[in-house]
1. Please list, in chain and number order, the residues 5+ apart from Val307 or on another chain whose amide H is under 5 Å from its amide H, with Hs placed from the backbone.
2. For the stretch 38-91, taking Cα atoms only, what is the radius of gyration to one decimal and the Dmax to the nearest whole Å?
3. For the stretch 169-231, what number results from the quotient of the Cα radius of gyration and 2.2 N^0.38 Å?
4. Test of understanding: express the Cα radius of gyration of the stretch 134-216 as a ratio to 2.2 N^0.38 Å, with N the residue count.
5. With Cβ to Cβ distances under 12 Å as the rule, what net charge do the other residues near Arg212 carry (K, R +1; D, E -1)?
6. Using r as the Cβ-Cβ distance of Ser62 and Ala252, and R0 as 56 Å, what FRET efficiency do you calculate, to the nearest 0.05?
7. Heavy atoms only, 1.4 Å probe, whole protein assembly: order Trp413, Trp180 by accessible area, highest first.
8. Residue by residue through the stretch 417-431, what is 3J(HN,Hα) from phi via Karplus (6.51 cos²θ - 1.76 cosθ + 1.60, θ = phi - 60°)? Round to whole Hz and write x for glycine and proline.
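The values are calculated or read from the model by the stated rules, or taken from the named source; none is laboratory data. Being a predicted model, the structure only gives us computed values, none of them experimental. Here the Cβ is made from the backbone with ideal geometry for all residues, glycine too, and neighbour counts use every protein chain on show. Only protein heavy atoms, including side chains, enter the accessible area calculation; ligands, DNA and RNA are left aside. Shrake-Rupley method; radii C 1.70, N 1.55, O 1.52, S 1.80 Å.
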Amino acid sequence: MTTAPLREAHQPDAGPARRHLTPLSDAATGTLSAGGVDAVVDRLVVLDETLTDADRTALLASLQRLERAAQAAQLRVMLALDEDRHDQREASGRASDRGSCAPGVAAEVGAALGCSASAAGFRLGLARVADRELPRLAGLHRRGLVSLDHVRAVAAATIGVGRDDRLTVDEEVAPRAAGWTVRELEARARAIAYELDPAAATAAHDRAVADRHVSGRPVPGGMMRLSALLPLVEGVACLASLGRGAQAAKAAGDARSVSQLRADLLVQRITGEAPGCMPVEVGVVMSDLTAFGTGDTAAWLPGYGPVPAPVARRLLRGQDERHHGSHPDGDTGPGYVPGEGVDGDDPAVLARAADVFLRRLYTHPDTGQLVALDARGRTFDGALRRLIVWRDGTCRAPGCDSPIRHVDHVQAWRDGGPTSASNGVGVCEAHNYAREAAGHTAHGLQHRPDDTGWDPPPAITYRYPDGSQHTTTPPPLIPSIWGPVGSHPRRECRERREHD
């Protein structure tokens, strides 16, 4: 296979001049604009109900192609924006590394797409690789013949190899990529990359090992999905060890399922504590009626989501689902083990209950936003930091739902901004650093006190180099409450509809 002409056609441009991207329009289709795209979206609102089944399946295939082509256009648009930001930096006499995103552009793209800066930065990196090193696959993506997952898979499979070798992989896999699944394409690309440069594949493995980590994301039902990225052998060993422990407990007569036992063993081996007896601070927020009465308004775990009221009360007593003898309806479930913590008789549960403490939080009576906290420099720490983290829930930057890593000043300390709840904001690491880039600003808007006597939390307006701006406000502390505490407007509306 001859690859020299291909490599010559894709040599890096001489000098630091702007790279010319594939045009986003041509004479036949006209200029691609936001208004034109919106018109296409508007046409999708109403579907023809008279279509035959064959027409519907054909339409599904065409819509799939449209979705893929739209994702490819997004990659090219964000890459063009990144190139513009590099041009602006160089025009002002500042150095700019075109091998990575221009400072602040990931936050700008994230605000437009409604995603975190880290997610936007990843897509920008993929756009750069697709445009410069996987041109054939990118061309298929532009025509909607392969998906974003196909492009991502080949980019991941060729991490570490040189640009010429990546172009060779692209040349070999592109002719058949549209007919392969993502997994088939990735396996083929990885095999070719290894054949071309075994040392690079080994180095990529070493980098992957260095990137091992643990992460968690909330899922419905008051649960969390805990994930670990581990070297293959170690991951398999962990699963095998949990499996052996679960099977041994099952053989000894444990009533829990093998899956439940594996999960409980994981918790116990990591923390050294029995499941449900965690000696860590978890800020579960609930109304006084939920905590001490019979209220059924869900509690809230800031940054994660709702916790059913009965579950929250059991947590407050130091109990857990695995130590609760029966389900709310009185039936014993498959995880019920007689004598384990029924009615709080487990010594471990009773000991853990002594660690539960309460802190009063004050919310605005109309909006439910957190406005004050029981408690009393420049840094946000202690009770003040907890107030802001609980109030904001996740990163306050537009579209970002990443966990809060930094609590910083809205009006900078160096500009006279006070260290206070009204001038504090919880943000992820990426968005906090993005605020230092040229053209990125954030301004707080403190509302006037209303007739309730409480000062509402400030709204924050983020402005970007293109002139766009986005305003964010803190969510209600317990989002399920909107109206007088103890009332259920949604439930009342449903009951009225059923009555009518």
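1. Here Ala299, Trp300, Leu301 satisfy the definition.
2. 17.7, 57
3. Values: Rg = 16.8 Å, N = 63, 2.2 N^0.38 = 10.6 Å.
So the Cα radius of gyration is 1.58 times the expected 2.2 N^0.38 Å.
4. Numbers: Rg = 13.1 Å, N = 83, 2.2 N^0.38 = 11.8 Å.
Rg over 2.2 N^0.38 Å, computed on Cα atoms: 1.11.
5. On the way: positive: Arg207; negative: Asp206, Asp211, Glu234.
Spelling it out: positives minus negatives among the neighbours equals -2.
6. Working: r = 58 Å, r/R0 = 1.03.
That gives a FRET efficiency of 0.45.
7. Working: Trp413 105, Trp180 45 Å².
The residues order as Trp413, Trp180, largest area first.
8. Once rounded to whole Hz, the list reads x, x, 8, 8, 4, 6, 10, x, 8, x, 9, 6, 4, 4, 6.
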